[in-house]
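Please read the structure below before turning to the comments.
Coordinate-derived values only; no laboratory data. All of these numbers come straight from a predicted model, not from anything done at the bench. Neighbour counts run over all protein chains shown; Cβ positions are idealised from the backbone, glycine included.
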Amino acid sequence: IYAYLSAQPTNRVVAIRIGNSANSLSITRVVLDGITTANRHHGGRLAIDQHNHLWVTTGDAFQPELAQNTSSLNGKILRITLDGTFPDGNMSGSAVYSYGHRNIQGIAFGPDGSVYASELGHRTWDEVNLIRPGVNYGWPRSEGTAGDFGEPPLAVFHPDDCSPAGLAFANGSLWMGSLGGQRLYQIPVANGVMQGSPVAHLNRAYGRIRTVAAAPDGSLWIMTSNTDGATWGGTAPRAGDDRLLRIDLR
């Protein structure tokens, strides 16, 4: 398995081998290193696509200028092979696939190969973006629909209603967790084009939703995040928190 972890002095992506029991884990190699660490905004969501490329999302580490610095791995979406080399199509023979990101919380792939990412804004707009190679998504010079610099987002949400988290594609829609908004958003999309307005589900029913994953049977697995002590959109933990939920989409 692959994990994104914080170490000194940087964040890194590592390969982990599971032993004969679930309690036996060992790091076999560092796949990617050199991501600036911070106490917030430093990543990182991992996903593997149909070509066995490993995608890594990073935040700006509270240094917004890093998002526009293509020599930095922060404020980026990175794409590497499972052994840590850089596939064709990245920027300048590096791990960088796209840049100008503030704090990406989710990444998902459509059946046509489209890449989508959910991104926390500052105080104006949260975003869902269609990710394309070499494209600048504008942070910190623009946010959401504010400003004319960088790639415009596919969809925007007000931070009070959203604070996006994990992202998955299933049953013709993106499904996005919401931390501050405490809900699950359904975003109809096909081939990188919106097919309707976002719809909110589970409104404050389970608190903060951190992770959303498409299960093999077509349902969704959802993980809540109520015991993390968050101050933005935080909620007091309930009996049984945190929870792994299964949502049937049929």
Region 68-170 shape via C-alpha gyration tensor axes, a/c threshold 1.5: oblate
Region 104-129 versus region 185-250: alpha-carbon centroid distance in Å: 15 Å
Local electrostatic count at ARG243 - Lys and Arg +1, Asp and Glu -1, tallied over other residues with Cβ under 13 Å: +2
Alpha carbon convex hull of region 51-94, volume per residue in cubic angstrom: 65 Å³
Loop chymotrypsin sites (Phe, Trp or Tyr not before Pro), region 188-250, which have at most 15 other Cβ atoms in a 10 Å radius of their Cβ (DSSP): TRP232
Sparse-neighbour loop sites [chymotrypsin sites (Phe, Trp or Tyr not before Pro); region 135-181; at most 16 other C-beta within 10 Å; DSSP]: PHE149
Rg and Dmax of region 126-193, Cα atoms only, in Å: 12.4, 35
Radius, Kirkwood style, for region 194-244 when every pair of distinct Cα atoms is counted (Å): 12.5 Å
Rounded D (µm²/s) - region 1-134, Kirkwood Rh over Cα pairs, Stokes-Einstein at 37 °C, 0.692 mPa s: 217 µm²/s
Dipole of region 28-77, positive end: most advanced residue of ALA47, GLY59, THR28 [Cβ charges, Cα centre]: THR28
Region 1-67: Cα Rg divided by the 2.2 N^0.38 Å rule of thumb: 1.23
Calculated FRET value between ASN20 and ALA215, using beta carbons and R₀ = 22 Å, to 0.05: 0.25
Within region 88-178, trypsin sites (Lys or Arg not before Pro) in DSSP loop having at most 13 other beta-carbon neighbours inside 10 Å: ARG123
Calculated log₁₀ intensity ratio I(q)/I(0) where the Debye formula runs over C-alpha points of the chain, q = 0.09, 0.13 Å⁻¹: -0.37, -0.80
Gyration tensor (alpha-carbon) shape descriptor, region 90-235, a/c threshold 1.5: oblate
